[in-house]
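The values are calculated or read from the model by the stated rules, or taken from the named source; none is laboratory data. Keep in mind that what you see is a predicted model, and the values were worked out from it rather than measured. When we count neighbours, we look across all protein chains shown, and the Cβ atoms used for this are built from the backbone with ideal geometry, even at glycine.
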Amino acid sequence: MKSRLATSLASGLAAGALAIGLLSPPEAAASRPAKPTASRLQATSNLVVPLTIHVATTNRAPVVSQRRMRESIARANAELRHFGIELEIRAVEPLREGYSRVTGADHRLALAELAHRDGSVHVFWVERVALDAQDEQNTRVSGIHWRYFGLRKRTRQREYVVVAHDAPLTTLVHELGHAFGLGHRRAASNLMCSCQRSANPGFTARQGRLMRVGARRFLVRSNQPRPRTDATRYARR
């Protein structure tokens, strides 16, 4: 049976997802400053990308509020919708105690065990993200996109996104950009800048086209494992 926390999270985010879905593109754009026309791409139909959301807990309470998650997903949809990509919540799953800090390779592999290859993007909201334990106190990382290229059968080609509970609202869409094939950019006005981004960053039209292709590829590879050499790769904010 679903726990009370799981039911609460799922129902709360589902209500938010419904509101996001009902918000038309012009209304979404009106909620923030308009972007240059060049950053938009007219798509004939939306590519729906399912999300499986995992929420870390401490003392049986989620480390991030439902409102914060809804706002991050809404921000991502407001950007991706310009390019014919729509995020849709498939499931919300609270994590048991012990997954609130992702600070090393062992932690990332542990999350990979939960990121099943089911055709969805797995998003983990956690309390703390660091590239390794030594960096935990000195380096603030808002999020990572992680993909396993090794030969371990249980985690082969597993892929997911991690977002810190206090990350900026643009972190989720930044990491999804990595998942859909984008690299970093230098301009603070670009969402793929690994920097203190400007007040209203966005994607270029070229990035939008690449993401739409990349999102399709993501959905294909998330169901079809292909072994690679023994290595891992991640992208940080």
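Considering the stretch 150-165 alone, what residues qualify as being out of contact with any Ser or Thr (no Cβ under 6 Å at 6 or more places or on another chain) and among the aliphatic types (A, V, I, L, M)? Before you say what the answer is, go through the steps one by one.
Keep residues of the stretch 150-165 that are out of contact with any Ser or Thr (no Cβ under 6 Å at 6 or more places or on another chain), which gives 150-162, 165.
The answer is L151, V161, V162.
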Completion exercise
Listed by first then second residue, the pairs whose first member lies in the stretch 106-125 and is within 9 Å of V162 (Cα to Cα), whose partner is exposed (fewer than 15 other Cβ atoms within 10 Å of the Cβ), with beta carbons under 9 Å and at least 6 positions apart or on separate chains, are H122/H116
Exercise for the section: Could you tell me whether the stretch 40-52 includes any residue that is more than 22 Å from the chain's Cα centre (by Cα), assigned to a helix (DSSP H, G or I), modelled with pLDDT under 50 and more than 15 Å from E88 (Cα to Cα)? Expected result: no
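For the structure I just gave you, tell me whether S72 is at pLDDT below 95, hydroxyl-bearing (S, T, Y) and crowded, with 18+ Cβ neighbours inside 10 Å.
Numbers: at pLDDT below 95: no; hydroxyl-bearing (S, T, Y): yes; crowded, with 18+ Cβ neighbours inside 10 Å: yes.
Criteria not met by S72.
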Completion exercise
Per the filter on the stretch 143-180, residues polar (S, T, N, Q), surrounded by 20 or more Cβ atoms within 10 Å (Cβ to Cβ) and part of a loop (DSSP other than H, G, I, E, B) are T170
Problem - Residue count, the stretch 74-114 (criterion: in contact with a helix residue (DSSP H, G or I) (Cβ under 9 Å, 6 or more places away or on another chain) and within 27 Å of N190 (Cβ to Cβ)) - result: 17
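What residue, of E88, E79, is surrounded by fewer than 19 Cβ atoms within 10 Å (Cβ to Cβ), modelled with pLDDT of 95 or more and of a type outside the set (S, T, Y)? Step through it out loud before you land on a result.
On the way: E79 fails: surrounded by fewer than 19 Cβ atoms within 10 Å (Cβ to Cβ).
Every option except E88 fails the conditions.
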Problem - Criterion (in a loop (DSSP other than H, G, I, E, B), at pLDDT below 95 and closer than 22 Å to Q157 by Cβ) met by exactly one of D118, D106 - result: D118
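Residues A61, A56: which one is more than 22 Å from F218 (Cα to Cα) and out of contact with any Ser or Thr (no Cβ under 9 Å at 6 or more places or on another chain)? Steps first, please.
On the way: A56 fails: out of contact with any Ser or Thr (no Cβ under 9 Å at 6 or more places or on another chain).
Checking each option against the conditions leaves just A61.
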Practice task
Look at the stretch 53-68 and say how many of its residues are more than 23 Å from R81 (Cα to Cα) and in a helix (DSSP H, G or I).
Solution key: 0
Exercise for the section: Keeping to the stretch 192-225, report how many residues are of a type outside the set (D, E, K, R), under 19 Å from L169 (Cβ atoms) and either modelled with pLDDT under 95 or not in a helix (DSSP H, G or I) (or both). Expected result: 11
